[in-house]
Structures are given as C-alpha cells and as structure tokens.
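Note sheet for the following structure.
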Amino acid sequence: MTKIIYRESAFQDLADIHNYYAAISEQINDRVFADIYSAIETLELFPFAGRELPDGRRRLVSIKYRFVISHKSYDDTVEIVGVYRRQNR
C-alpha cells in the first residue's frame, strides 16, 4: 500500500477547513472530512489517480463536496500538497 505524507501547507488547509465547518456544525464538519479522507484513501490504492498538471502535481476531486486534493505521486509515496474548494483558489 502507498504511504501518504502531508506538506505543512496541506495541514494548514485542513485546519482552515475544520475551523470553518466546525463553526457551522460539527455534523457538517464530520461529513466534509469523511469526504476528504475518502478521496485521500483512494490515493493509497491508486496513487496516480486524478488529473495530471503540467508541473507534475495531480488533482483529485472529492465526490460529495468537490474538494480538490492536490498531490504529487511517487513510486511508493503520495505527498498531499494542498486541499481546497475549487472556487477558493
């Protein structure tokens, strides 16, 4: 199985997402994070999933809430670069 690592920028993105949705509702926050982590778990099995960008990164979009998981894929590792909503970047 592929190892998942996170850049500091991805941790900050996840913290920002958590703070925003937790202020609205813990239930919504839980659903959003379930959707994000479901997409990230997909990368454990399919590390080259998502659309490839010219700079070598890939973008995988979560199914329900349409968060973009920006990542770099290597032979046995996926590096999560960032997590954001499409309209926020």
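No lab work stands behind these numbers, since they all come straight from the coordinates. Note that this is a predicted model, so its numbers are computed, not measured. So basically every Cβ, Gly included, is an ideal-geometry build from the backbone, and we count neighbours across all protein chains shown.
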Legend entry - Within the stretch 69-83, tally of residues that are under 10 Å from ARG7 (Cβ atoms) and not charged (D, E, K, R): 5
Legend entry - Within the stretch 43-89, considering residues that are β-branched (Val, Ile, Thr) and in contact with a Gly (Cβ under 9 Å, 6 or more places away or on another chain), the one surrounded by the fewest Cβ atoms within 10 Å (Cβ to Cβ): VAL61
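If you take the residues of the stretch 1-20 that are surrounded by 12 or more Cβ atoms within 10 Å (Cβ to Cβ) and outside any helix (DSSP H, G or I), which of them is farthest from the chain's Cα centre (by Cα)? Don't jump to the end; show me each part of the working.
Residues of the stretch 1-20 surrounded by 12 or more Cβ atoms within 10 Å (Cβ to Cβ): 2, 4-7, 9-14, 16-18, 20.
Right, trim to outside any helix (DSSP H, G or I) and you get 2, 4-7.
Working: THR2: 15, ILE4: 11, ILE5: 11, TYR6: 10, ARG7: 11 Å.
Looking at residues that are surrounded by 12 or more Cβ atoms within 10 Å (Cβ to Cβ) and outside any helix (DSSP H, G or I), I get THR2.
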